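Asks: Would you mind keeping the following structure in view while I ask a few things?
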Amino acid sequence: MRGFLGLVIVGGVLCAGWFGVAQLLRMAPDHLQARGAEVQSLAVAGFPLRFDLALDRPALPAQGWSADAAHLSLPSYWPFHASGTLSGGHTLTRPGATWRMDGPDMPVAASVTPGLVLRTATLQGHDLTLRGPLSGRLDSVALSLSPTDDPLMRAVTLDMDGLNFGGLEILSASVRAQLHFTTPPRLTTRPSLQRITAARARIDMGTTQAEISGTLERGADGQLNGTLPLTVTNWQPLLAQMQQTGLLPPNQAQMVMMMAQGMSHGTTLSLPLNVRASVIYLGPLALFDLGRI
């Protein structure tokens, strides 16, 4: 009898713990804004073994990103690892442009320490379509964040295959980089990103290959600044394709061609991409706004 009562008491404590944590999770949308995130609503289910979370319209407003929905599941006995999916479309807003990406559910996962320091994160996707100022598609993408020997650093890997962007065909693209933080990236505070070091970024377009490296510093305003040396092998077909697809406006084509010829060594072109206030420039030409980080 005493053993039975003990089980009842333990079960009662566990049940109370589940409902207590569930209530805290339901209150999360009220506290996320101070940490740079938003969720319109959050539902919790899965009693007693899991916390199954249904998030409506998760967003990172400062980065201009939002998704239609997310579904995450955490074991109630170890709620420091979450896995699930991002569902519906994703929207990315940049000055003067809004992009929409649609496709099947994208598997995601993340793990934190008991102190809520982010350790790992992964995202995968396939058969994605992109709509915006330029349309495109992406056959597959895999993104991962992993710890390093330095507690203030995280390693990032990004691999993409079968990218068509505005008619420009890219067979594959990969990025290997490190994120440097001033304090360990904790879920209870805003990320304290200080620097991004691109160890290697490579783009394969068949006859043309491009490699980028360099370091970007994040200012107090959240803007990135730095230089990214770019090396393009067999650059002439790339410029010709950019002109044909309209990625390179006709009124800029001659100037870009003259710059490329003056800075190239035969079929190899090396030049710096300057990043000022999160905008990537090729000489005087603004290429893309990375936005605030």
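Asks: Does A34 satisfy being closer than 29 Å to T91 by Cβ, at pLDDT 70 or above and within 28 Å of the chain's Cα centre (by Cα)?
Replies: no
Asks: Further question on the same structure: From the list A109, A121, A142, exactly one residue is aliphatic (A, V, I, L, M), more than 19 Å from A59 (Cα to Cα), at pLDDT 95 or above and not assigned by TED's automatic domain parsing to the domain that holds A62. Which is it?
Replies: Answer to the check: A142.
Asks: For segment 118-148, how many residues are surrounded by 16 or more Cβ atoms within 10 Å (Cβ to Cβ) and among the β-branched types (V, I, T)?
Replies: Of the residues in that region, 2 qualify.
Asks: Need a quick list: strands (runs of 3 or more DSSP E) entirely within segment 92-166 having at least 1 residues that are touching a strand residue (DSSP E or B) at 6+ places or on another chain (Cβ under 8 Å), of a type in the set (K, R) and farther than 19 Å from I293 by Cβ. Outline the logic, then answer.
Replies: Details: elements: 97-102, 106-112, 118-131, 136-147, 153-165.
The qualifying strands (runs of 3 or more DSSP E) are 97-102, 118-131, 136-147.
Asks: When you look at G262, is it among the small types (G, A, S) and in a loop (DSSP other than H, G, I, E, B), yes or no? I'd like the intermediate steps shown before the answer.
Replies: Values: among the small types (G, A, S): yes; in a loop (DSSP other than H, G, I, E, B): no.
Criteria not met by G262.
The values are calculated or read from the model by the stated rules, or taken from the named source; none is laboratory data. Everything numeric in this text was worked out from a predicted model, so none of it was measured. No Cβ is skipped: glycine too gets one built from the backbone with ideal geometry, and neighbour counts run over all protein chains shown.
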